[in-house]
1. Looking only at the stretch 362-374, decide whether some residue is surrounded by 15 or more Cβ atoms within 10 Å (Cβ to Cβ), in a loop (DSSP other than H, G, I, E, B) and touching a residue at least 40 places away in the same chain (Cβ under 8 Å).
2. Run down Leu252, Leu225 and say which single residue is modelled with pLDDT under 90, surrounded by fewer than 19 Cβ atoms within 10 Å (Cβ to Cβ) and in a helix (DSSP H, G or I).
3. Would you pick out the residues in the stretch 183-212 that are under 28 Å from Tyr233 (Cβ atoms) and either buried (at least 21 other Cβ atoms within 10 Å of the Cβ) or touching an Asp or Glu at 6+ places or on another chain (Cβ under 7 Å) (or both)?
4. In the stretch 30-48, which residues are of a type in the set (A, V, I, L, M, F, W, C) and in contact with a Ser or Thr (Cβ under 9 Å, 6 or more places away or on another chain)?
5. Filter the stretch 100-113 down to the residues that are under 16 Å from Leu208 (Cα atoms) and touching a residue at least 60 places away in the same chain (Cβ under 8 Å), then identify the one that is surrounded by the most Cβ atoms within 10 Å (Cβ to Cβ).
6. Considering the stretch 169-184 alone, what residues qualify as being aromatic (Phe, Trp, Tyr) and more than 11 Å from Ala151 (Cα to Cα)?
7. So, Leu351, is that one out of contact with any Leu (no Cβ under 8 Å at 6 or more places or on another chain), crowded, with 24+ Cβ neighbours inside 10 Å, of a type outside the set (Val, Ile, Thr) and modelled with pLDDT under 95 or not?
8. Pairs needed: first member in the stretch 165-189, at positive phi; second member anywhere, part of a helix (DSSP H, G or I) and surrounded by fewer than 18 Cβ atoms within 10 Å (Cβ to Cβ); C-beta distance under 9 Å; at least 6 residues apart or different chains.
Amino acid sequence: MIILWLLFLIVVLWIIQFRYKRRRIYELASTFPSASGPIPLLGVAHRFIGNTESIMSSLRKISYECITQGGTIKGWFGPMLYFMVADPVNTETVLKSCLEKDDILRFVANVLGYGIILAPVPIWKVRRKVMMPALTPKIVDSFFHIFVTQANELAENLEPFCGTGQFGVWPFINRYALQSICETALGVKIKSQNDPNVPFLTALNKVLKLVSERIFQIWLQPDWLYKLFRSKYTEHEKCRRIIMDFLDEIILNKRKDIDANKTFEIKNDGNILENYKNQAFLDLLIYASGGDKGYNDVELREEVLILIIAGADTSAASISNTLLLMGKYPNIQEKVHEELLSVFENSDRPLVKEDLPKLQYLERVIKESLRLFPPGPVIVRKTVRETALPSGHILPAGSGVIISIFGAHRDPKYWGPDVECFDPDRFLPERYNLPYPCCYIPFSNGPRNCVGYQYAMMSMKGALSTILRRYKVIGTPEKGPIPHIKMKYDLTMKAVDDYQIELLQRK
């Protein structure tokens, strides 16, 4: 009995000491409104029980709570304190001053490594400096012919499904995006469009789902406990190994090719050489980082893997979301088709780079699709030090911050009462007059924003214009201007039903 009382006393003293050390955190947190439904010990963690659809549903609901409570709220995730921010003014402050990624993303880093998106600030600064020259408009434009070729192959692969009823278009778009990114980033043709069972793609899709579950379900976070979930852990490690082996082999062969051909020379200032054409990002990174004295194989693998995730998964989701919206709103689809007719004049000539600036309505459609259904619905950062917000609150040091892009894009205070409606013309120059930059951030904002915006837009415009020239998308028309799509969170936001649409051949 004495031993039990002693153990009880030890636990009580530990809790008192724990809370005393964190008293400043509790003091500052008390000034913020809370997310609804917290319970003792777990906080709001119980709201993320379930599959990736349930996780996205909870993120969506808490984002709306954030909007209605002033744009910034708190939520305990077990012992960890997180803030969700949707207000654009506070968001800009966080994205500019809180540059470190939150520790919760270590589960992503276990698979992807510390590439430019996930790296700690000291590593990120160096790697971004190397990455930026490899993503100049001139170099991105040199990949245009690859997007056109792959988009045409995608359209041909969709032809057998014309007039056959509804089918899930996601696997086709996903394989198009992967094949495009592998050719541009790695310089290899994996022919994924003709093979639905490419091991690398299958492993990548599976591991993204597993990582998403682990981020939001605290009982899966301790390594020792995760290993007890044998099926999940075994699948995670298997997929991780497939991904690593695939990229390691490509990097090894790339180094051999470079040594044999010596395609580039290095300028004295360390910049990428003029001879960039027909070179993949992997080539450019090897030379921009210093050749044999630059990135090692692990660093190269981390960077190209981040490029694949950022360039393939997000682009595929954006293209698929837009196609689904075209089926829901046939009048908007016809406007897109009329624009395509005006540019291509009923010819079957291939898309050329000079066509892209002319597709202005299609671009507005893509931007509105990105507003309502951003592939990356949240950004996660952490506060290294106390951070004062323009709202007057102070974020305590050591807390996590979730920037809700989904919430920022649906705040009626800035977007108007029709914020939930699908209206591409809200991006007309005369209407697009948002008061703050962070009202619209599908590619993030601040020093750690996405460096591949032009690359992504080229991929999306190329694929969508090619598909919509040939086919009419048939879907279930919405009864009103507000689109309803059930989404899941697999690190990116995607439709749960693989994007069911029907295609008809255009005459």
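1. Yes, the stretch 362-374 contains at least one residue that is surrounded by 15 or more Cβ atoms within 10 Å (Cβ to Cβ), in a loop (DSSP other than H, G, I, E, B) and touching a residue at least 40 places away in the same chain (Cβ under 8 Å).
2. Leu252
3. Ser192, Leu201, Ala203, Leu204, Lys206, Val207, Leu208, Lys209, Leu210, Val211, Ser212
4. Residues satisfying the conditions are Phe32, Val44, Phe48.
5. Leu112
6. Trp170
7. no
8. Gly187/Asp257
The values are calculated or read from the model by the stated rules, or taken from the named source; none is laboratory data. As the structure is a prediction and not an experimental result, all values here were calculated from the model. Positions of Cβ are backbone-derived with ideal geometry, glycine not excepted, and every protein chain shown enters the neighbour counts.
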